[in-house]
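**Student:** Before anything else, here's the structure in question.
The values are calculated or read from the model by the stated rules, or taken from the named source; none is laboratory data. In this text, all values refer to a predicted model and were calculated from it rather than measured experimentally. Methodologically, a virtual Cβ is constructed for each residue, glycine included, from the backbone with ideal geometry; neighbour enumeration extends over all protein chains shown.
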């Protein structure tokens, strides 16, 4: 899907990621920059978890509406939040396009919901490739 072909404000983009700004990592930096730019032409909502209890539940950051969901508890960096299904229903109903930060298990229900509602979805897959220290790795790193 090419975002530049979407009519101005006709589409509402819903982005889901377990973490978002002000949490700083590789999976939050790129989406923040991208959606801050897109917010001048599209209505963008970020759905994320309230990783820090002192953060507001809803705020606007660089033109992007950020909705932070509560959770019951964490397992490592993952969130367990049955109540997120209510947020997923509400936000997916209003959205035209779903964008999901991958990998994450928390957004699986949201992706299925988008499919049921026949709404297009995109995924950003972030990973770090860790190769053994070999000649092959050195060659790959230099390319």
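**Student:** Scan the stretch 88-102 for residues that are surrounded by 19 or more Cβ atoms within 10 Å (Cβ to Cβ) and closer than 25 Å to residue 53 by Cβ and jot them down.
**Tutor:** 88, 91, 100, 101
**Student:** Does residue 43 qualify as being free of Cβ contacts under 8 Å to residues at least 60 places away in the same chain and under 20 Å from residue 119 (Cα atoms)?
**Tutor:** Numbers: free of Cβ contacts under 8 Å to residues at least 60 places away in the same chain: yes; under 20 Å from residue 119 (Cα atoms): yes.
When the stated conditions are applied, residue 43 passes them.
**Student:** Which of (1) at pLDDT 90 or above; (2) in a loop (DSSP other than H, G, I, E, B); (3) in contact with a strand residue (DSSP E or B) (Cβ under 9 Å, 6 or more places away or on another chain) is the odd one out, the single condition residue 104 does not satisfy?
**Tutor:** Going through (1) at pLDDT 90 or above; (2) in a loop (DSSP other than H, G, I, E, B); (3) in contact with a strand residue (DSSP E or B) (Cβ under 9 Å, 6 or more places away or on another chain) one by one, residue 104 breaks only (1).
**Student:** Within the stretch 107-129, which residues are modelled with pLDDT under 90, out of contact with any helix residue (DSSP H, G or I) (no Cβ under 7 Å at 6 or more places or on another chain) and not in a strand (DSSP E or B)?
**Tutor:** Residues satisfying the conditions are 107, 108, 127, 128, 129.
**Student:** Can you tell me which residue among 18, 56, 82 is modelled with pLDDT of 90 or more, surrounded by fewer than 17 Cβ atoms within 10 Å (Cβ to Cβ) and not in a strand (DSSP E or B)? Spell out the reasoning first.
**Tutor:** On the way: 18 fails: surrounded by fewer than 17 Cβ atoms within 10 Å (Cβ to Cβ); 82 fails: modelled with pLDDT of 90 or more.
After applying the criteria, what remains is 56.
**Student:** When you go through (1) out of contact with any helix residue (DSSP H, G or I) (no Cβ under 7 Å at 6 or more places or on another chain); (2) surrounded by fewer than 15 Cβ atoms within 10 Å (Cβ to Cβ); (3) touching a residue at least 12 places away in the same chain (Cβ under 8 Å) one by one for residue 62, which number turns out not to apply?
**Tutor:** Only one criterion is unmet by residue 62, namely (1).
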